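Have a look at the structure below before the remarks.
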Amino acid sequence: MTHFSPKKCLSKVKGCLTKLGNTLFPQSCILCHSRITTAPAFLICEECEQSLPIIQTSCALCSTPLSTNSNCANLNSAKSNSDLCGYCLNHQRPWQNCIVSFHYSEPISSLIHRFKYQHELRLIGTLSQKLIEEIRYRDSPLPDALVPVPMHSKRLAKRGYNHAAVLAKQISTQLNIPRKNIVKKTIETTQLVTLKESERKNALKNSFELNKNYLSDIKNWHIAIIDDVMTTGTTATKIAKLLAKSGCENIEVWCIART
Ligand SMILES: [Zn+2]
Ligand SMILES: [Zn+2]
């Protein structure tokens, strides 16, 4: 005759739940390959998640990390001078807010590279989760539209997808914000990552245009420009200036990582 043991019973239930989890979410972590039982969209184990290079205290306008003992004595006051980096204190940014989740360092830089150049679109859930959470739980209104940084049609045909549009689609689905192709890229520029800042400005001159269908609509709109990585902010500046010129009232920049 066997006796009922609560301990044994609990361990059996635990075993069944683990088996069920492994059946429902049979992935291994994309970074350390250990088995994970988290939600399917998030392909990283808890341990690796803890090691992601999250940006903590940063400039409210460009997400440059700020040291905790300088320049941030007044963090409760949104976008006060003490929230800004040296560059943003001395230069005007044509947008009002910026949210970036990670430093562009490992393992995020490799994941972005895989997402962008190796067609690993499944990584978008992993890469965008932190950004989406931050927007979902912040205490300010959502924008009227998401505007992904556009890609020239030639490059789009070559790559098969615009990574910024994939990111915008993910945010749009999760937060129920319309995604609009308000801006288009009219001139194909050489790979911007290989250029110096002064060369970037020249390459980007007149390379973006507003889609005529939206010209009369966007007055007083609140818009978030969406891109994967912010480097110098030149691309976002160009697009934000176009939007502001057409009457957009509130412009934000949302990106996955900051170099
Ligand atoms: Zn892992
Ligand atoms: Zn800044």
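Details
- Ranking of 242, 89, 167 by neighbouring Cβ atoms within 10 Å, starting from the fewest: 89, 242, 167.
- Efficiency of FRET from Cβ geometry, residue 199 and residue 54, R₀ 35 Å, rounded to 0.05: 0.65
- Among the listed pairs 196/219; 180/241; 130/212, those beyond 29 Å (Cα-Cα): 196/219; 130/212
- The simple spin-label model puts a point 7 Å past each Cα toward its Cβ; for residue 109 and residue 216 those points are separated by 4.9 nm.
- Counting beta carbons within 10 Å around each of 254, 221 and listing the fewest first gives the order 221, 254.
- Checking every one of the trypsin sites (Lys or Arg not before Pro) in segment 217-259 against DSSP loop status and a limit of 11 other Cβ atoms within 10 Å picks out 219.
- Residues 146, 121 arranged by fewest to most Cβ contacts within 10 Å: 121, 146
- Segment residue 117-residue 12, extension gain: residue separation times 0.36 nm, minus the distance between their alpha carbons: 33.3 nm
- For segment 124-259, with +1 on Lys and Arg beta carbons and -1 on Asp and Glu, the positive-most of 224, 143, 165 along the dipole: 165
- Spatially proximal aspartates and glutamates relative to residue 185 (Cα-Cα < 17 Å; intrachain offsets below 8 disregarded): 209, 227, 228
Read the figures in this text as sums done on the coordinates, not as results from a lab. Keep in mind the model is a prediction, meaning the values are calculated, not measured. Counting neighbours? That spans all protein chains shown, and the Cβs are built from the backbone with ideal geometry, glycine included.
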